[in-house]
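The values are calculated or read from the model by the stated rules, or taken from the named source; none is laboratory data. Quick caveat: nothing in here was measured; it's all calculated off a predicted structure. Don't worry about glycine lacking a Cβ; one is built from the backbone with ideal geometry, like all the others, and counts go over all protein chains shown. Keep in mind that these areas ignore ligands, DNA and RNA; they rest on the heavy atoms of the full protein, side chains included. Shrake-Rupley method; radii C 1.70, N 1.55, O 1.52, S 1.80 Å.
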Amino acid sequence: MPRQLRRGLLALLLVLLGLLTLVLVRTVRMSPPPVPAASLASPRIDALPAAHRLAASLRFRTISYEDRSRIDRGAFATLHDYLRSTFPLVHRRLGREIVNDLSLLSRWTGSDPSLPPLLLLAHLDVVPADPPGAEAWTHPPFAGAISEGYAWGRGAMDMKVAALGALEAIERLLEERFEPRRTVMLAFGHDEEVGGDDGGRAIAGLLRERGVRPAFVLDEGMAIVQGAIPGIRKPVAFIGVAEKGYVSVELVARGQGGHSSMPPAQTAVGVLASAIES
């Protein structure tokens, strides 16, 4: 290759490297323009009465069971009555549709019907409290105690707290005569802890039939933890965007019969143990 050609290619390479460096530097330094955020005042909520209202909801034994016949339907009905009397403006303005007898669906109509709604989810059911003995608990699981700065009981975290939180906020906003631009929907299922077929799934099917396509859905997320991430002392709110599923597997092993004093080299129990270990 002639010397002049080599020099030309080298100069071209240097120019390209310079351009690439410039692009990379400007890319790193580039930041999007600030987007002005609407200034919205948070609704005024008195924390202690709100905590007591949450605690009262924890006293209803809205327990889910795989065997649906064991569900105390009266507990859900009385919880519904409690929510209606505790948050009268919400129930007067948003209404309440009962889905499959025990789940709730409400709609706060916004001023702009062209905007897809936002959907706030929660579930009113809790898992059984085993063992049932009071001595096994710091506070009885359905006492709805307020102690040491916390509300204690089944549902305090998972997840009557989300339902009561949404109702508290909307009740206060209604008191302040706030009108949302976007429609807000509330969906409270009753059997999430056992799969949600009769609650959340039924509500989803109902909204699909009506052509409702929310802009986004806010469901239960992770906890606010402290000390979980090395080097960070402040509380960290985990954001959950997905959840593991589950699978139930039934294993059956068959082997030769015989007396336990003279077992074969490998028994059905050994086969099962190998399968489980694998």
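Here the label points at Ala215 and Phe178, each 7 Å from Cα along the C-beta direction, are separated by 1.4 nm in the simple model.
A DSSP coil position with no more than 15 other Cβ atoms inside 10 Å describes the following trypsin sites (Lys or Arg not before Pro) in segment 180-278: Arg181, Arg210, Arg233, Lys244, Arg254.
Modelled spin labels at Arg201 and Thr267, positioned 7 Å past Cα toward Cβ, are 4.0 nm from each other.
For segment 19-111, chymotrypsin sites (Phe, Trp or Tyr not before Pro) are listed when DSSP marks them as loop and at most 15 other Cβ atoms sit within 10 Å of their Cβ; the list is Tyr65. For segment 62-134, the solvent-accessible area of protein heavy atoms averages 49 Å² per residue (probe radius 1.4 Å; ligands and nucleic acids excluded). Scanning residues 5 or more positions from Ala223 or on other chains, those with amide H under 5 Å from its amide H are Phe238, with H placed 1.01 Å from N in the peptide plane. One decimal place: the segment Ala136-Arg6 gains 38.5 nm when fully extended, by the rule 0.36 nm per residue minus the C-alpha distance.
Rounded to the nearest 0.05, the FRET efficiency derived from the C-beta distance between Tyr65 and Met30 at R0 = 51 Å is 0.35. Looking at the chain, the DSSP beta bridges with both ends there are about 55 percent antiparallel. Extending 7 Å from the Cα toward the beta-carbon at both Glu250 and Gln226 defines two label points whose distance is 4.8 nm. Length gained on full extension, Ser111 to Val15, computed as 0.36 nm times the residue gap minus the Cα-Cα distance: 28.9 nm. Scanning the chain for DSSP H helices at least 27 Å long along the axis (C-alpha atoms) with a Kyte-Doolittle mean no lower than 0.0 picks out 3-29.
Measuring r between the beta carbons of Ala237 and His259 and using R0 = 41 Å, the FRET efficiency lands at 0.10.
Taking Gly155, Gly95, Gly18 as the candidate residues, the one with maximal mean-square fluctuation in a Gaussian network model of the chain, Cα springs under 10 Å, is Gly18. Here the accessible area is traced with a 1.4 Å probe on the protein chains. For the chain, carbon and sulfur cover 58 percent of it.
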